[in-house]
Amino acid sequence: MPFILVILAFVAIVGLLFRLYANHKLNYWKRRGVEQLSTSNFIFGNFKDAVLFQTSPGWHLGNIHKAAPNKNAPYIGFYIFHKPCLMLRDPKIIKQILIRDFDNFCDRHFAGSQQKDSIGMKNLFGLKNPAWRYLRSKITPTLTTTKLKQMLPLMIQTGKPMMEYLESQGIDDKSEKVIDAQEMNYKYTTDLIANIALGTPMDSFHYPNEEFTKAVYQFFHGFKRMVALVTVFFMPELVELIGPSMLFNSQFVRKVFWEAMNSREKSGEKRGDYIDSLIQLKNGEQNPEYKFEGENLLFQSGTFFSGFESSATATAFTLMELAAKPEVQERARQNINRAIEKHGMTYEAFKDMKYVDQCLAEGVRLHPPVSTIDRYTKADYKIPGTDIIIEKGTAIYISLYGIQEDPRFFERPEEFDPERHSDDSETSEAYIPFGIGPRMCVGMKVGQLHAKVVLAMILREYTVTQHLENKLVLDPRSTFTAAADGINLHFRKVAK
């Protein structure tokens, strides 16, 4: 009996000490004079629902932005477990940190202190300085207007199986069919990755059981990858323990990539895809900071995996919004038809689709595909105009769900209104779906072209509607924006 009492006393003391420790850790920001969220879980900090996959982690960060006791606070402290993090809530301080003081915030917080790797991290998205700066200088020329014009026929070619699939569903102008627009875009994007990033045409609509299609399906849907992304973005310290092959099994992707690279080098053929650019980089002058050889070449194709996933999300969610507003959808359709009648299916036509651009811009405001911007504080930093010091190693976050729906910066923030982005309107500084500063998305234009190609192909042939019972629920497992139950829309042929 005394032994049991000793055990109970020991447990009670340990519990009390942990509570005192947690209380001290969870008041870090208060001690530094920074406003913090009023309540925190003693174990999970302010991230319990995200860690336990009860809410989407990106959406959860948006809720943290909105939960600031002082709605005008330029920043707010919060905790992931007991780790202090700072949420930036004001465009001026965001510009200060991401542009003017970029050198101190040039690296993303994720990936840990050591640059562990997978196919998705040692590229422009995740690489750290100084290798990042050199790599960007070499990758940017591979995404010029000339390169996009070369990619466009491949994007259109990739869309043919998708349109054949829709045609096979027996839809006409008098009957409709429910199609999961998110899944359809994932399939198109799987084929686009194969065609442009890996130089190998695929057809996921008619041959879904091919090994490559199944591998990329796991990239989009695999629970292992979803857990890994939460870890990478919000708990990168664990990356040191988990190791490099954490995003998804890339064995078959490697096989396809190297077969394409070796075949192309032997034949000298040029397709206008990304393999052409990588061969050029491989044969060019090398820099010890980042050599275009071996696995580093494969890692660059990983940029297109995340980039095309983002534009697929933008397309599906914009289509969802257009389905809810028939008058906006019809205006977009007319814009598409006029541009193609004038220019044909050319780059000039897609450049002329200004209203479609506005629709996409509003789609990514409400549904940012990558909804979180993160940075790592390289050295102690004093916030200008204050006495507050952000300590070295502190994680900095910006929630696009938070700032792009903040009523301080947008009227009627929850309404889909493409007119916000017209030439006659001044876009808010809080609109930053592609980031800002030197590290903003280098693939923005290729992603926009991808989205416009898909929207144009679909809206020329079909009207889409959604019914009131369809309520959007974000996938709580996904760090990136994704609908838990798909985006089920009613497709009907456009009456000719």
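The values are calculated or read from the model by the stated rules, or taken from the named source; none is laboratory data. The model shown is predicted, which means the values in this text are computed figures rather than measured ones. Counting neighbours? That spans all protein chains shown, and the Cβs are built from the backbone with ideal geometry, glycine included. Just so you know, the surface numbers come from the protein's heavy atoms only, side chains and all, with ligands and any DNA or RNA stripped out. Shrake-Rupley method; radii C 1.70, N 1.55, O 1.52, S 1.80 Å.
Here is a list: Pro57, Pro74. Which entry is closer than 26 Å to Tyr431 by Cβ, in contact with a Ser or Thr (Cβ under 6 Å, 6 or more places away or on another chain) and of a type outside the set (Gly, Ala, Ser)?
Pro57
Pick out the one residue from Asp352, Asp380, Asp374 that is of a type in the set (Asp, Glu) and open to solvent by less than 10 Å² (accessible area, probe 1.4 Å).
Asp374
Report the residue count in region 113-150 for those that are at pLDDT below 85, in contact with a helix residue (DSSP H, G or I) (Cβ under 7 Å, 6 or more places away or on another chain) and surrounded by fewer than 18 Cβ atoms within 10 Å (Cβ to Cβ).
So the count comes out to 1.
Is there a residue in region 23-30 that is closer than 30 Å to Leu472 by Cα, modelled with pLDDT under 95, among the polar types (S, T, N, Q) and open to solvent by 30 Å² or more (accessible area, probe 1.4 Å)?
Looking through region 23-30, none of the residues is closer than 30 Å to Leu472 by Cα, modelled with pLDDT under 95, among the polar types (S, T, N, Q) and open to solvent by 30 Å² or more (accessible area, probe 1.4 Å).
Write out, first by first residue and then by second, each pair whose Cβ atoms fall under 6 Å of each other, whose residues are 6+ apart or on separate chains, and whose first residue, in region 161-176, is free of Cβ contacts under 8 Å to residues at least 60 places away in the same chain and on the phi < 0 side of the Ramachandran plot while the second is buried (at least 17 other Cβ atoms within 10 Å of the Cβ) and hydrophobic (A, V, I, L, M, F, W, C).
Close Cβ pairs satisfying both conditions: Pro161/Phe205; Tyr165/Phe205.
State the number of residues belonging to region 79-108 that are in contact with a Pro (Cβ under 8 Å, 6 or more places away or on another chain) and touching a residue at least 40 places away in the same chain (Cβ under 8 Å).
So the count comes out to 8.
Taking the stated definitions as given, is Glu405 at pLDDT 95 or above, open to solvent by less than 40 Å² (accessible area, probe 1.4 Å) and acidic (Asp, Glu)?
Here the answer is yes, as Glu405 does meet what is asked.
Within region 442-488, which residues are hydrophobic (A, V, I, L, M, F, W, C), open to solvent by less than 20 Å² (accessible area, probe 1.4 Å) and within 24 Å of Ser175 (Cβ to Cβ)?
Val454, Leu455, Ala456, Ile458, Leu459, Val464, Ile487
Only one residue in Tyr397, Tyr431 is more than 17 Å from Ala323 (Cα to Cα), at pLDDT 95 or above and in a strand (DSSP E or B), so which one is that?
When all the criteria are applied, what remains is Tyr397.
Which one of these is within 18 Å of Lys149 (Cα to Cα) and of a type in the set (A, V, I, L, M, F, W, C): Met345, Met320?
Just one listed residue meets the conditions, Met345.
Can you work out which of the residues in region 471-496 that are basic (Lys, Arg) and at pLDDT 90 or above is farthest from Pro326 (Cα to Cα)?
The qualifying residue farthest from Pro326 (Cα to Cα) is Lys493.
Assigned to a helix (DSSP H, G or I) and of a type in the set (Gly, Ala, Ser), is that true of Ala50?
Yes: the conditions hold for Ala50.
In region 400-428, which residues are part of a helix (DSSP H, G or I) and farther than 17 Å from Asn72 by Cα?
If the condition is that a residue be part of a helix (DSSP H, G or I) and farther than 17 Å from Asn72 by Cα, then Pro418, Glu419, Arg420, His421 are the ones that fit.
Restricting attention to region 479-488, does a residue exist that is touching a residue at least 24 places away in the same chain (Cβ under 8 Å), more than 19 Å from the chain's Cα centre (by Cα) and outside any helix (DSSP H, G or I)?
For region 479-488, residues touching a residue at least 24 places away in the same chain (Cβ under 8 Å), more than 19 Å from the chain's Cα centre (by Cα) and outside any helix (DSSP H, G or I): present.
Kindly indicate which of Arg492, Arg477 is farther than 28 Å from Thr303 by Cα and not hydroxyl-bearing (Ser, Thr, Tyr).
So the residue among Arg492, Arg477 that is farther than 28 Å from Thr303 by Cα and not hydroxyl-bearing (Ser, Thr, Tyr) is Arg492.
Of everything in region 72-106, what is at pLDDT below 95, among the charged types (D, E, K, R) and open to solvent by less than 10 Å² (accessible area, probe 1.4 Å)? Give them in sequence order.
none
Going through region 370-388 one residue at a time, which ones are acidic (Asp, Glu) and assigned to a loop (DSSP other than H, G, I, E, B)?
Answer for region 370-388, where residues must be acidic (Asp, Glu) and assigned to a loop (DSSP other than H, G, I, E, B): Asp380, Asp387.
Take Arg19 and decide whether it is open to solvent by 90 Å² or more (accessible area, probe 1.4 Å), at pLDDT 85 or above, out of contact with any strand residue (DSSP E or B) (no Cβ under 7 Å at 6 or more places or on another chain) and basic (Lys, Arg).
No.
If the requirement is being closer than 28 Å to Gln251 by Cβ, open to solvent by less than 20 Å² (accessible area, probe 1.4 Å) and more than 20 Å from the chain's Cα centre (by Cα), which of these qualifies: Asn195, Asn185?
Asn195
Testing Met235 on (1) modelled with pLDDT of 85 or more; (2) open to solvent by 10 Å² or more (accessible area, probe 1.4 Å), one condition comes back false. Which one is that?
(1)
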